[in-house]
């Protein structure tokens with residue numbers, strides 16, 4: 001039964017494979033955002049040891065019980081991961097400035113998926129769907145979930161679009177590798193009936 005696919009909370013000893021996966025997935029995403037292969041300079045900046053060290057510290061010191069790091073595994077092999085944290089609601093023109101829901105008048109409770117990495121080599125195995133399902137199961141108080149996604153990273157945008165997310169009219173741009181990489185904020189709303 002070594003090929004069973006599942007999702008579980010991350011452990012400190014997952015930090016090295018998480019760093020490897022993050023470096024690979026971020027290189028793919030940045031290359032997609034640039035519409036060309038990113039340079040070796042970018043690859044060197046995505047240093048696995050540094051990423052792994054950060055994850056080891058993070059996993060061992062989560063700021064609250066509302067912060068979560070999850071790994072998608074096949075057997076004992078980590079093949080993807082996600083991290084989620086409380087966030088302020090994204091307030092657009094026409095939204096209540098205090099973050100209250102227009103229909104219920106209740107506070108909007110937002111979370112951000114701060115990391116969501118499944119490299120292309122591990123795509124198509126259901127890891128993304130299992131990670132997202134686990135996140136929505138955990139976030140019992142959430143009314144909405146956000147995630148920044150690099151424009152052009154079709155693997156992720158197609159998955160989110162098929163999972164009920166939609167882009168909000170909010171973007172940010174970073175100068176990377178001599179070009180501009182744009183990110184769009186994707187979101188979905190949750191209700192207690194849907195969980």
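Out of everything in region 46-63 that is assigned to a loop (DSSP other than H, G, I, E, B) and touching a strand residue (DSSP E or B) at 6+ places or on another chain (Cβ under 9 Å), what residue ends up being surrounded by the most Cβ atoms within 10 Å (Cβ to Cβ)? Even if it seems obvious, please write down each step before you answer.
Our first condition is that a residue be assigned to a loop (DSSP other than H, G, I, E, B); within region 46-63, this holds for 46-47, 61-63.
The next check asks that each one be touching a strand residue (DSSP E or B) at 6+ places or on another chain (Cβ under 9 Å); those that pass are 62-63.
Values: 62: 15, 63: 9.
Checking each candidate, the answer is 62.
Tally up the residues in region 115-138 that are outside any helix (DSSP H, G or I), touching a residue at least 60 places away in the same chain (Cβ under 8 Å) and crowded, with 19+ Cβ neighbours inside 10 Å, please.
Selection size over region 115-138: 4.
Which one is nearest to residue 17 (Cα to Cα) among residues in region 84-97 that are buried (at least 16 other Cβ atoms within 10 Å of the Cβ) and in contact (Cβ under 8 Å) with a residue 60 or more places away in the chain?
Narrowing region 84-97 to residues buried (at least 16 other Cβ atoms within 10 Å of the Cβ): 84-85, 87, 89-90.
When the remaining residues are screened for being in contact (Cβ under 8 Å) with a residue 60 or more places away in the chain, the result is 84, 90.
Details: 84: 18, 90: 32 Å.
For region 84-97, the residue satisfying everything is 84.
Given the conditions (1) closer than 22 Å to residue 164 by Cβ; (2) touching a helix residue (DSSP H, G or I) at 6+ places or on another chain (Cβ under 6 Å); (3) part of a helix (DSSP H, G or I), which single one is not true for residue 80?
Of everything listed in (1) closer than 22 Å to residue 164 by Cβ; (2) touching a helix residue (DSSP H, G or I) at 6+ places or on another chain (Cβ under 6 Å); (3) part of a helix (DSSP H, G or I), residue 80 misses just condition (3).
Regarding region 98-111, can at least one residue be identified that is touching a residue at least 60 places away in the same chain (Cβ under 8 Å), crowded, with 19+ Cβ neighbours inside 10 Å, in contact with a strand residue (DSSP E or B) (Cβ under 8 Å, 6 or more places away or on another chain) and closer than 21 Å to residue 183 by Cα? Before the answer, list the steps.
Restricting attention to region 98-111, the residues satisfying the condition of being touching a residue at least 60 places away in the same chain (Cβ under 8 Å) are none.
No; the residues of region 98-111 include none that is touching a residue at least 60 places away in the same chain (Cβ under 8 Å), crowded, with 19+ Cβ neighbours inside 10 Å, in contact with a strand residue (DSSP E or B) (Cβ under 8 Å, 6 or more places away or on another chain) and closer than 21 Å to residue 183 by Cα.
Using the structure shown, decide if residue 43 is without any contact (Cβ under 8 Å) to a residue 24 or more places away in the chain, touching a helix residue (DSSP H, G or I) at 6+ places or on another chain (Cβ under 9 Å), surrounded by fewer than 16 Cβ atoms within 10 Å (Cβ to Cβ) and on the phi < 0 side of the Ramachandran plot.
When the stated conditions are applied, residue 43 does not pass them.
Could you list all residues from region 139-177 that are out of contact with any strand residue (DSSP E or B) (no Cβ under 7 Å at 6 or more places or on another chain), free of Cβ contacts under 8 Å to residues at least 60 places away in the same chain and under 17 Å from residue 37 (Cα atoms)?
175
Under 6 Å between Cβ atoms, which residue pairs at least 6 apart in sequence (or on different chains) link something in region 1-25 that is more than 16 Å from residue 122 (Cβ to Cβ) with a partner that is part of a helix (DSSP H, G or I) and at pLDDT below 95?
Qualifying pairs under 6 Å: 12/60.
Which condition number does residue 14 fail, the rest of (1) out of contact with any helix residue (DSSP H, G or I) (no Cβ under 9 Å at 6 or more places or on another chain); (2) in a helix (DSSP H, G or I); (3) surrounded by 12 or more Cβ atoms within 10 Å (Cβ to Cβ) being met?
(1)
The values are calculated or read from the model by the stated rules, or taken from the named source; none is laboratory data. For clarity, every value in this text was computed on a predicted model and none was experimentally measured. Because the Cβ atoms are built from the backbone with ideal geometry, glycine has one as well, and the counts that use them run over all protein chains shown.
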